[in-house]
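Colleague: Below is the structure I would like to discuss, written out as structure tokens.
The values are calculated or read from the model by the stated rules, or taken from the named source; none is laboratory data. In this text, all values refer to a predicted model and were calculated from it rather than measured experimentally. Every residue, glycine among them, receives a Cβ derived from its backbone with ideal geometry; neighbour counts consider all protein chains shown.
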């Protein structure tokens, strides 16, 4: 299939539910850790090189044909916080609906049957990329971009940040995106010989803590 499928998959208008999630930006704004474009850039860069790298590698591995059930278990092991596991599976369910409607495939059907309550979103995205004829590196790029574009978009709403400034943040992160996507795809390529332990397991403890706190808020703008 056309590589242009990557544009569809990475498009913020792809109906995968990401618009309802801030990727940790909402509690960071409330705590005063994101106040402007520069602090948003720092937040996005940190998220990209930790949770973003982990998610991108999982997606690349799924796109490369590795067992999605084993990858889903690996995702659970790399997501210690219940709130983030619930978010990942909720987004996975929505991604599954969108992917099966857009690029139907036996791999997606099998995972949906095995995980009726939802698989982790990066695993589903990787299978969607595979069904669309994309490469593991393509899948890694899609997830890496989503890791930073979600908080950047949320910051526009949360801070009334100028959309031009938010887009400039994403432009300044392109070299980091290249690096993370490449590292993720490289790790996924070693997985068949070395097993799931070769996949990155970088952590972001502050994101874990604030995700649990955010889930308990009685009023919030974003689901996560």
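Colleague: For the condition buried (at least 21 other Cβ atoms within 10 Å of the Cβ), within 13 Å of residue 119 (Cα to Cα), modelled with pLDDT of 95 or more and under 15 Å from the mean Cα position of the chain (by Cα), what is the one hit in 63, 59, 25?
Modeller: Answer to the selection: 59.
Colleague: Could you list all residues from the stretch 119-134 that are assigned to a loop (DSSP other than H, G, I, E, B) and closer than 16 Å to residue 106 by Cβ?
Modeller: 119, 132, 133 - these are the residues of the stretch 119-134 that are assigned to a loop (DSSP other than H, G, I, E, B) and closer than 16 Å to residue 106 by Cβ.
Colleague: If you scan the stretch 6-16, which residues turn out to be over 12 Å from residue 153 (Cβ atoms) and in contact with a helix residue (DSSP H, G or I) (Cβ under 8 Å, 6 or more places away or on another chain)?
Modeller: Selection gives 6, 8, 9, 10, 14, 15, 16.
Colleague: Count, please, the residues in the stretch 173-184 that happen to be in a helix (DSSP H, G or I) and either surrounded by 14 or more Cβ atoms within 10 Å (Cβ to Cβ) or modelled with pLDDT under 95 (or both).
Modeller: Final tally of qualifying residues: 8.
Colleague: Regarding residue 137, is this residue more than 16 Å from the chain's Cα centre (by Cα) and crowded, with 19+ Cβ neighbours inside 10 Å? Full working, then the answer.
Modeller: Details: more than 16 Å from the chain's Cα centre (by Cα): no; crowded, with 19+ Cβ neighbours inside 10 Å: yes.
For residue 137, the condition - more than 16 Å from the chain's Cα centre (by Cα) and crowded, with 19+ Cβ neighbours inside 10 Å - is not met.
Colleague: Given the conditions (1) modelled with pLDDT of 95 or more; (2) in a helix (DSSP H, G or I); (3) out of contact with any helix residue (DSSP H, G or I) (no Cβ under 7 Å at 6 or more places or on another chain); (4) more than 21 Å from residue 172 (Cα to Cα), report the number of the one that residue 19 does not fulfil.
Modeller: The number of the failed condition is (1).
Colleague: Then there's this: Just wondering, is there one or more residues in the stretch 95-107 that are under 13 Å from the mean Cα position of the chain (by Cα), closer than 18 Å to residue 71 by Cα and surrounded by 21 or more Cβ atoms within 10 Å (Cβ to Cβ)?
Modeller: yes
Colleague: Of these, 142, 155, 211, 187, which one is assigned to a helix (DSSP H, G or I), within 17 Å of residue 13 (Cα to Cα) and in contact with a helix residue (DSSP H, G or I) (Cβ under 6 Å, 6 or more places away or on another chain)?
Modeller: Result of the check over 142, 155, 211, 187: 142.
Colleague: Turning to a different aspect of this structure: Can you run down the residue pairs with Cβ atoms below 9 Å, 6 or more apart or on separate chains, where the first is in the stretch 44-62 and at positive phi and part of a helix (DSSP H, G or I) and the partner is surrounded by 24 or more Cβ atoms within 10 Å (Cβ to Cβ) and modelled with pLDDT of 95 or more?
Modeller: Between residues of the stretch 44-62 that are at positive phi and part of a helix (DSSP H, G or I) and residues that are surrounded by 24 or more Cβ atoms within 10 Å (Cβ to Cβ) and modelled with pLDDT of 95 or more, there is no close pair.
Colleague: Looking at the stretch 147-157, can you tell me whether even one residue there is free of Cβ contacts under 8 Å to residues at least 24 places away in the same chain and within 24 Å of residue 207 (Cβ to Cβ)?
Modeller: yes
Colleague: Read through the list (1) touching a helix residue (DSSP H, G or I) at 6+ places or on another chain (Cβ under 7 Å); (2) modelled with pLDDT of 95 or more; (3) closer than 20 Å to residue 109 by Cα; (4) surrounded by fewer than 20 Cβ atoms within 10 Å (Cβ to Cβ), then give the number of the only condition that residue 73 fails.
Modeller: (1)
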